[in-house]
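The numbers here are math on the coordinates, done by the rules we state, and not lab data. Just so you know, these numbers come straight off a predicted model, no measurement behind them. Counting neighbours? That spans all protein chains shown, and the Cβs are built from the backbone with ideal geometry, glycine included.
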Ligand SMILES: C[S@@+](CC[C@H](N)C(=O)[O-])C[C@H]1O[C@@H](n2cnc3c(N)ncnc32)[C@H](O)[C@@H]1O
């Protein structure tokens, strides 16, 4: 989409960023920013009056110059890796949108590299699997995939995305649970007199008390309206009666996330719950809104959607193995988890995006799911969590942690295997990480990240390091 690029003429660009037109021409000539025509297509030569630059790219470039990184890398932004024209529905296609996840990369980025550097049937490992983007994309391209993540909930998301389903049965189950919760929701909202007429035979008496007795979590009691809480607890109680329990957990979790007592514009990083029914100025909708007071609306929104998405992926997926391992990548014994089918084969390559220093608490972002399902949390084993900050000490710990991961897994990678690491390396830590892990950086690709689904729209730059194993 052209809007994403924020196309401007050279004069306009110069005026906005406080440079001269001559400066802007110079950046173009040195390949620091790209040339576009009015339609947002990359061009080599502009016809008269047609030349445009992207304000977003220009701002990223200038911010890099400011912090001195641009000089260090001696590289411009890779024109194909910005994916500016990719519509939202493509970036979040089929199972990639089964559950929100802060900090995931887009499947097209994975595809770009896997396609160029690996053959079908290759074995690809992601030691920081997150929500499983590498696994889904790799599987779609006929590759065996292995993913490791410390967070049990992230492993559940990845498992649900990559599981093989009888799609008709899965759909029937999802819609049946939705229907049952909807009936319960009607019961909650009608007056006793109406309920007597509508549910003469239903055993609803005492149900609410018994559901609430199953919920000891202060978090759940304070972040959800009373009706929302009852609906989600009822859904949770139904899950054990079905075959696709993990899938149902993900539908419920996604609905619960959107049903918290929080402003519509702050789903990713809410600070505190709002009082039930309190109006607030909504930056997303540009009007006064009230926080949602039920869960069934979102259950309805995500039920059919989930069934459609797994069916779509079912038509694209391959039958290659997908292995998901929950654990700490610094110490996991990979050989113990190898599926039989891979036998003694070594891993062909790695495609991964480690946590960045002090950016995200990966367990905390899904706290609602941990509280609802009681998954065991492993926060203390997260590398580079937000709560540890970005101090020099935190950076050193991070470097040691990431290097430990690679030292642990590289023995399972082919001697000439290729390792791709996607990182926002603003502290310039990866050269040292590579050295400590016994790898060398062969190439760096730089890409502008102008649009993110979960983290706001401030553009930043990301590096894809391509590394090889050092041979002693
Ligand atoms: C940037 S995210 C990966 C996102 C992923 N590329 C995606 O598209 O969903 C980094 C992941 O590393 C995981 N992680 C952090 N410390 C870890 C550790 N010690 N072992 C394994 N995984 C860890 C986090 O739980 C998080 O899911």
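A few points about this structure:
- Global form of the stretch 215-290, assessed from the alpha-carbon gyration tensor, a/c cut-off 1.5: prolate
- Estimated FRET transfer efficiency when R0 is 30 angstrom, pair residue 470-residue 66 (beta carbons, to 0.05): 0.35
- Cα-based shape type of the stretch 359-453, given that a ≥ b ≥ c are square roots of the gyration tensor eigenvalues and the cut on a/c is 1.5: prolate
- Antiparallel DSSP beta bridges within the stretch 326-472, percent to nearest 5: 75 percent
- Packing-based ranking, highest mean first, of 331-338, 81-88, 125-132, 178-185 given that Cβ atoms within 10 Å are counted: 125-132, 178-185, 81-88, 331-338
- Computed from the Cβ-Cβ distance with R0 of 56 Å, the FRET efficiency linking residue 428 to residue 186 stands at 0.45.
- Each of 318, 303 was scored by other Cβ atoms within 10 Å of its Cβ. Listed from fewest to most, they are 318, 303.
- On the principal axes of its alpha-carbon atoms, the stretch 1-56 has extents of 26, 21, 20 Å, going from largest to smallest.
- Against the chain, whose longest principal axis is taken from its Cα atoms, helix 296-314 shows a tilt of about 50°.
- Principal-axis tilt of helix 226-238 within the chain, Cα atoms, nearest 10 degrees: 90 degrees
- Inter-site label distance for residue 121 and residue 308 at 7 Å from Cα along Cβ, in nm: 3.8 nm
- Rounded if a/c under 1.5, otherwise prolate or oblate - the stretch 194-328, Cα gyration tensor axes: oblate
- Sorted ascending by nearby beta carbons within 10 Å, beginning with the fewest, 112, 223, 281 become 281, 112, 223.
- The value of relative contact order for the chain, using C-alpha pairs under 8 Å at least six residues apart, is 18 percent.
- Within the chain, DSSP assigns beta bridges of which about 60% are antiparallel (rounded to the nearest 5).
- Residue 318/residue 193 FRET efficiency (R0 56 Å; Cβ-Cβ; nearest 0.05): 0.50
- Size of the chain from its Cα atoms: along the principal axes, largest to smallest, the extents are 78, 58, 45 Å.
- Cα Rg over Rh - the stretch 86-178, Kirkwood: 0.99
- Diffusion constant of the stretch 3-128 at 20 °C, which comes from Stokes-Einstein with the Kirkwood Cα-pair radius and 1.002 mPa s, µm²/s: 127 µm²/s
- Label point distance in nm, residue 387-residue 172, each placed 7 Å from Cα along Cα→Cβ: 4.5 nm
- Compared with the dominant Cα axis of the chain, that is its longest principal axis, helix 107-117 is turned about 50°.
- Cβ-based exposure ranking for 260, 237, 283, 447, in which fewest neighbours within 10 Å come first: 283, 237, 447, 260
- Long-range tail of P(r) for the stretch 127-174 (Cα pairs > 11 Å, %): 67 percent
- For the chain, adding -39500 (n - 2.57) for each run of n ≥ 4 DSSP H residues and dividing by the number of residues yields -12500 deg cm²/dmol at 222 nm.
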